[in-house]
Amino acid sequence: MECPELKRSLFILNPNAGVIPVKLILSKELQRRRNELACYKSLSIDDSGSHIKQSFDNYDVFVAAGGDGTVRTVASELVDTCKILGVLPMGSGNGFAREFGFRPNIRSLVKDIKKARTITADVIDINGLICLNCAGIGLDSFVAHSFDRLKTRGFWSYAWETMKNFIRLRPVNVNIRIPGEEPVCEDLFVLTMANTRQFGLKAYIAPDAKPNDGIIDLVLIKPFPKFLFPVFLYRLFRGTMRNSKYVRYIKTDKPFTIRTGETRFHIDGEPVELSGDVNVRIRCNALNVLRTKHNKL
């Protein structure tokens, strides 16, 4: 289907996202360019979605100015349409933005918008919810739930919550059923469903994952001696998790089901509650993403 010629770009700004220095700089730059760029300050997730729906026919590029949660909110409204997702990263992790080469530079982003080149990306569908980057259950989801309750943001706050949750971490029993394959039933510290390589902050949980290959990368981290945690962190940031005997990778393009007694999941770092059967599938080429000059995909 032919998409219409580009009109204008709309920036959806989450004023609560990210660390203060980045927010101040980018917010001021957006304000300075108010005659050039259309910008909307979102009050909530529902508010963002409603405004995108109302403005849908007036813009072709919708730029999420915020963290991974803001990006997912905007992207959810653009899936399976001709509209284009752009990102002005202002968050703590910025996993999706890092994978697609988005930088916190408005001038560079405007140049990319004018070129209007795109790349299609897959999304993971989890009980009807869209995942762009990574989702899962275990340590990372527990951290997401506790981090969400904090008033402060940033790397050190996240690191502190990670350490607290790891100290009291207990394995989660997970049952995974993939059609045509033996069921997987294991106690795990972490189960991650990855569409891209990293959580954010260059933490490469699935080093071989690609957001446009039609495949979900499952990462299963078995319980390990807790004194090895620094080694796991080193491997996570070096992208060498596959070298650990406690880590198993499964690739699949088939829909599958997860069953577990734990309800605290995360999707792109945002806490969600899921109970009963969790149905997961890949939606290929579902999203048009603005191609930046830094995009290496």
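Every read-out reported here was derived from the displayed coordinates using simple, explicitly stated rules and does not represent laboratory data. Only a predicted model underlies this, so the values are computations on that prediction, with no experimental measurement involved. With ideal geometry, Cβ positions are generated from the backbone for all residues, glycine too; neighbour counts draw on all protein chains shown.
Here are the numbers for the structure shown:
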| read-out | value |
| --- | --- |
| Percent of beta bridges antiparallel (DSSP, the chain, rounded to nearest 5) | 75 |
| Placed amide H near R8: partners under 5 Å, 5+ positions off or other chain | D60, V61 |
| Chymotrypsin sites (Phe, Trp or Tyr not before Pro) restricted to DSSP loop in region 130-172 with at most 15 other C-beta within 10 Å | none |
| Distant alpha-carbon pairs in region 192-297 (separation over 25 angstrom), percent | 27 |
| Region 223-273: chymotrypsin sites (Phe, Trp or Tyr not before Pro) in DSSP coil with no more than 14 other Cβ atoms inside 10 Å | none |
| Two-decimal Rg to Rh for region 129-282 - Kirkwood Rh, Cα set | 0.93 |
| Which labelled figure in (i) -0.42, -0.89, -1.02, -1.31; (ii) -0.69, -0.98, -1.05, -1.18; (iii) -0.48, -0.89, -1.00, -1.22 is log10 I(q)/I(0) by the Debye sum over Cα atoms at q = 0.09, 0.13, 0.14, 0.16 Å⁻¹, once derived from the coordinates | (i) |
| With at most 10 neighbouring Cβ atoms within 10 Å, loop GluC sites (Glu not before Pro) (DSSP) excluded, longest segment of the chain | 6-297 |
| Shape of region 71-219, Cα gyration tensor, a/c cut at 1.5 | oblate |
| Low-density loop cleavage sites - trypsin sites (Lys or Arg not before Pro) in region 175-270, where at most 11 other Cβ are within 10 Å (DSSP) | K245 |
| Non-local Lys pairs in region 129-282, i.e. 8 or more apart or on different chains, that have alpha carbons under 20 Å apart | 9 |
